[in-house]
Structures are given as structure tokens and as C-alpha cells.
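Notes follow once the structure below has been shown.
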Amino acid sequence: MTYLILVGAPGAGKGTQARLLVQELGLVHISTGDLFRYNLKNKTALGIEARTYMDKGELVPDAVTVAMVRDRLSQPDCEKGAILDGFPRTPVQADALTAMLDEWGVKIDMVPHIYVETGILVERLLKRAITEGRADDNEETIKTRMRIYKEQTQPLLDYYGERGLVVKINGDQSVEDVQKELIAAVKSIF
Ligand code: AMP
């Protein structure tokens, strides 16, 4: 069982790197943002609830998010472990994840932190708005998401740092070079 948590600000490249890492490690990629977007597209009750928060760049309530992740991690394809992308995002979610994994007798192996300077992130997100057309990649929402990342998600780096799990990955390189650094870090623990 291998559990990795990718931490990084919006636009740091977590999704891209997680998808590449899946091919390398044969683990399942779980992105809470993708799960919410899937539900939104299919107009499920969960999607409709999440939409009001996502449109503003705010976080979907912890209870809703945790229940969705528990459900996803319980699926048979997660039996070898998972790469978590965009979850946990708050200390409450981190505690819930720890409790969940304790219950299943498994632990988090590593928390790669993909770091990129804020100015570069905003530029990247505005570009992504044009290429991918994500509804929440507009200037107003980007500001909110960056603020929420700083206030609520960055404290997780202390939470996992105290447990010796955080490994810094320089996200301001080409996709291939970030991937090389990430794979080397992950492989060092096996
Ligand atoms: P992302 O694709 O990770 O940037 O997520 C897009 C949006 O989905 C976020 O701005 C939130 O509204 C919602 N979201 C994704 N992951 C979480 C999470 N762990 N907790 C709460 N909301 C989330």
C-alpha cells in the first residue's frame, strides 16, 4: 500500500504530475477537484451542492468532501494505494484522513510539496483559463483560491512536516524535470 499526498498551490502542476506518476507507479490518482467537476457535469446532487462553492473559488464543506473521498478510497481499485491530489486541503480533512487510514491500518508514505512562486502561479492559471476553459480560472476566483490555499492548506505542511513526510519539489521547471525530481523522491522511499 502506498499513499502519497501531493500538496501545492492552485496551478503548481499537481494534476499534471499526478497523472504522470500514475503511469510510473501503477497507483490510482484521486483528485477531489476532478471528482467534483465530474459530479457537476453530470448534475448529481453532490455536483449541484459543490457548484456554489467552486464557482466562487471557495472550499466545499469538509463533511461533504471527506465522505466523497472515503467512498472513493473504499473502491477496489485503491487496494494498492493512491496518489491524492487536492485533498486534504484543511486541517479538519487531514485529521479525517489520518483517522480513516488508521482504521484501515495503513499510513501516508510521503507528502511531496510542489512549490512555485505566487506570481508565476497566477500567470499559469490565467493561461489555463484560455487553454482549458476552467470556469474557476478567472482573476477574481484565482485570488480567493490563493488566499484560501495560504490560510487553510499551507498549515498542512507543518502538520505533515512534523511527521517527517514533506519533501520539497521545485515546481518552476519543465514538466519533465519536475517529474524526474518527483519520481526520484518517491522511489527513494522504496
Ligand atoms: P482543484 O481542481 O483541486 O483546484 O479544485 C477545484 C475546486 O474544487 C476548489 O476550488 C474547491 O471548490 C473544490 N475542492 C477540490 N478539492 C477540495 C477539497 N479537498 N476540499 C474542499 N473543496 C475542494
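The values are calculated or read from the model by the stated rules, or taken from the named source; none is laboratory data. Given the structure is predicted, the values throughout are model-derived calculations rather than measurements. Here Cβ is always computed from backbone atoms with ideal geometry, including for glycine, and neighbour counts include all displayed protein chains. Side chains included, ligands, DNA and RNA excluded: accessible areas come from the protein's heavy atoms. Shrake-Rupley method; radii C 1.70, N 1.55, O 1.52, S 1.80 Å.
General remarks:
- Relative to the current alpha-carbon distance between Ser174 and Asp158, full extension at 0.36 nm per residue lengthens the span by 3.0 nm.
- Positive-end residue, the chain charge dipole about Cα centroid, Cβ charges, pick of Phe36, Met1, Leu165: Phe36
- Placing unit charges on the Cβ atoms only, positive for Lys and Arg and negative for Asp and Glu, gives the chain a dipole magnitude near 280 debye about its Cα centre.
- Stretching Asp55 away from Lys143 to a fully extended chain increases their span by 30.4 nm, per 0.36 nm per residue minus the current alpha-carbon distance.
- For segment 56-106 and segment 1-42, distance of Cα centres in Å: 12 Å
- Only protein heavy atoms count here; under a 1.4 Å probe, Val22 has an accessible surface of about 40 Å².
- Going by accessible surface with a 1.4 Å probe and the largest first, Ser74, Ser31 read Ser74, Ser31.
- Two-site FRET efficiency, Ala185 against Met1, from Cβ-Cβ distance with R₀ of 22 Å, rounded to 0.05: 0.75
- For segment 1-83, the calculated P(r), taken from all Cα-Cα distances in 10 Å bins from zero up to the bin holding the longest distance, is 16, 46, 34, 4 percent.
- Rg and Dmax [Cα atoms of the chain; Å; Rg one decimal, Dmax integer]: 15.8, 44
- The reciprocal of the average 1/r between distinct C-alpha atoms defines the Kirkwood hydrodynamic radius, which for segment 45-99 equals 12.2 Å.
- Separation of the Trp104 and Thr118 label points, Cα + 7 Å toward Cβ, nm: 3.5 nm
- Within the shell of other residues whose beta carbon sits under 13 angstrom from the beta carbon of Asp172, the net charge comes to -2, with Lys and Arg scored +1 and Asp and Glu -1.
- In the context of the full protein assembly, Leu73 retains an accessible surface of approximately 10 Å², using a probe radius of 1.4 Å and ignoring ligands and nucleic acids.
- Environment charge of Glu140, counting only residues whose C-beta is closer than 14 Å and scoring Lys/Arg +1, Asp/Glu -1: 0
- Ligands, DNA and RNA excluded, the heavy atoms of His29 present near 40 Å² of accessible surface to a 1.4 Å solvent probe.
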